[in-house]
Amino acid sequence: MADETNQQKHTGGPTRAQPPGGSRGERRDSGSEPCGACPDNAPASFEKRTAAWMGVAYMLMLLFILNFTLFTGGRQLPGTFPLFLAPVSVALAVVVARRMKNGTAAGGTAGGAAVLAACAAGLLLGLALGVPALLAALGV
């Protein structure tokens, strides 16, 4: 109370209510309380979730390649790089298809169809070039 009186006396204005977590540089102990700069429980956008799943796919692919190299005494998988087109092609196609459904695709329906065609071409090209090389490298 004395702090409020001092503030009122020195500034001449009414006091402002302090938030429960403190706003004077005090540190909060628990990380579960939301910060003032972050909106409470704001879900990630559809594009961000799609990008996260694409990242999971790339992580699994890299994990497979590194473990294969490690456990086969340094053998590599030549010619399998085109397989890395698959996750980005699928993720971009999913985002564009959703935007076309919502009517917010860049370039309208024609632009969305062009991007979907490019995604399909990238996916087919990546699989057509990468899968035979992967099977040959694995000795199947």
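Bear in mind that the values in this text are calculations on the coordinates, not laboratory data. Source: prediction; values computed, not measured. Methodologically, a virtual Cβ is constructed for each residue, glycine included, from the backbone with ideal geometry; neighbour enumeration extends over all protein chains shown.
Just add up the charged neighbours of Gly112: K/R +1, D/E -1, any other residue whose Cβ is under 12 Å from the Cβ of Gly112.
Numbers: positive: Arg98, Arg99, Lys101; negative: none.
That works out to +3.
If each residue of separation counts as 0.36 nm, what is the full-extension length gain between Thr72 and Tyr58 once their alpha-carbon separation is subtracted? Don't jump to the answer; show the numbers that get you there.
Details: separation 14, 0.36 × 14 = 5.04 nm, distance 2.10 nm.
Result: 2.9 nm gained on full extension.
Grab the other residues whose beta carbon is less than 13 angstrom from that of Phe46, score K and R as +1, D and E as -1, and report the net. Could you put the intermediate results ahead of the total?
Working: positive: Lys48, Arg49, Arg98, Arg99, Lys101; negative: Glu47.
Spelling it out: positives minus negatives among the neighbours equals +4.
Residue by residue through the stretch 115-121, which ³J(HN,Hα) values in whole Hz follow from phi under the Karplus form 6.51 cos²θ - 1.76 cosθ + 1.60 (θ = phi - 60°), with glycine and proline marked x?
5, 4, 5, 5, 5, 5, 5
Plugging the Kirkwood radius over Cα pairs into Stokes-Einstein for the stretch 40-132, at a temperature of 4 °C and a viscosity of 1.567 mPa s, what D comes out in µm²/s?
Taking Rh from Cα pairs, D becomes 87 µm²/s.
Using θ = phi - 60° and the Karplus form 6.51 cos²θ - 1.76 cosθ + 1.60, what ³J(HN,Hα) does each residue of the stretch 49-55 get, whole Hz, x for Gly and Pro?
Along the stretch 49-55, the couplings run 5, 5, 5, 5, 5, 5, x Hz.
In nm, give the distance between the simple-model label positions of Leu138 and Ala51, each being 7 Å from the Cα along the Cα-to-Cβ direction.
With each label placed 7 Å out from Cα toward Cβ, I get 3.1 nm.
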